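The values are calculated or read from the model by the stated rules, or taken from the named source; none is laboratory data. Just so you know, these numbers come straight off a predicted model, no measurement behind them. Positions of Cβ are generated from backbone atoms using ideal geometry, with glycine treated the same way; all protein chains shown enter the neighbour counts.
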Amino acid sequence: MTNGESGADPLDVLYLLHRQLRLVSPALTVAPESREVRAMLVGLAETTNRAAPLLASVEPGALAALEQAFRHARAGRPDETNSELIGAYGRLSVLLRRDAPRREAAANEPTVRWIVPD
């Protein structure tokens, strides 16, 4: 599946968004007022804008969480921002996992259960 204009995979923007979310959340936790975090949020907003048409059709919940995160960020609420970013990351993780399904043989493998003695 490629984009005819650039030859790039249309999912590339979702993978980029996923990586950015994975990085910005810990940074926001540690230094919510830093210039670096503000720059990361600007970059995340730009990527979100690029991904918005695709997200709107395949994962509107992630898009809504990102939009809410940016509203919280503008209002100076880093904890709420982070909560929404984490939610968006989770939804995007599930979406991208569907794109790369598990091995067929794994469906028939037994679950290994660890038993801890008393």
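Output the residues belonging to segment 45-77 that are touching a residue at least 24 places away in the same chain (Cβ under 8 Å) and within 12 Å of VAL13 (Cβ to Cβ). Those that are touching a residue at least 24 places away in the same chain (Cβ under 8 Å) and within 12 Å of VAL13 (Cβ to Cβ): THR47, THR48, ARG50, ALA51, LEU54, LEU55, VAL58. Kindly check whether there is at least one residue in segment 56-69 that is modelled with pLDDT of 95 or more and more than 19 Å from HIS18 (Cα to Cα). No, there is no match, as no residue in segment 56-69 is modelled with pLDDT of 95 or more and more than 19 Å from HIS18 (Cα to Cα).
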